[in-house]
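A quick write-up on the structure given underneath.
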């Protein structure tokens, strides 16, 4: 199956017994609130807003959403919004954690803290889906957020996580490509050498969860 747009993903969502509770950390962001309340309107989620009540209510009023029922967890000035949101997830009071109007760094500090218990034995990586008008299918990109400078083994884990994510979205045999600043392998750029190594290893022995076509360096 090929995912051509986000509506294709929505069509794959199974019928749920109840909407999922989405905890928004930093609840005064315009685009985040638009997307979250659109998902609520479609019956997929129930928002739990975590952040500054005054700023959040002002934004909800601006968007015409101030009368829509939702749960709000107010955080006092100086309080750690990300940790307050993570606490809800950790305590079983929310299903999905969503970054709102707070920095990625602050958000990830709470998500990756071992004492919060959200991590597993697998490497945590980021996958972003993008829809481009000039391209007929969705694109998935990884890792642009969590792993700053992955080594060879971490790149293998990124590939495995990406393949698993794409399979969860409905791709039976996802195709992956390793990106670099140049088109050809050059020993002056370590990432191109590692890309060549990963392609060769994938050809010899595909990753257990990633039965995908061998990637190659590209621009």
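Coordinate-derived values only; no laboratory data. These figures come from a predicted structure and were not determined experimentally.
Angle of helix 190-204 to the longest C-alpha principal axis of the chain, folded into 0 to 90 degrees and rounded to 10: 80°. Expressed as a whole percent, the proportion of Cα-Cα pairs in the stretch 128-218 lying more than 16 Å apart is 56%. Of the residues 164, 151, 17, the one that moves most in a GNM of the chain with alpha-carbon contacts below 10 Å is 17. Taking every DSSP beta bridge that has both ends in the chain, the antiparallel portion is near 15%. Helix 152-168 axis versus longest C-alpha principal axis of the chain: approximately 60°, rounded to the nearest ten.
Over the chain, DSSP H runs of length four or greater, each weighted -39,500 (n - 2.57), average out per residue to a 222 nm ellipticity of -11000 deg cm²/dmol. Read through the labelled values [x] 48, 41, 33; [y] 56, 36, 31; [z] 64, 38, 27 and report the label of the one computed as Cα extents along the principal axes in Å from the structure. Correct label, based on the coordinates given: [y]. Taking each residue as 0.36 nm, the span from residue 112 to residue 167 lengthens on full extension beyond its C-alpha to C-alpha distance by 17.4 nm. Of all the options 132, 33, 65, the one that moves most in a Gaussian network model of the chain with Cα springs shorter than 10 angstrom is 132.
May I ask for the angle, rounded to the nearest 10°, between helix 53-62 and the longest principal axis of the chain, with both axes built from Cα atoms and the value confined to 0 to 90°? Taking Cα atoms only, the helix is inclined about 80 degrees. Among 76, 150, 19, the largest mean-square fluctuation in a Gaussian network model of the chain (Cα springs under 10 Å) belongs to 76.
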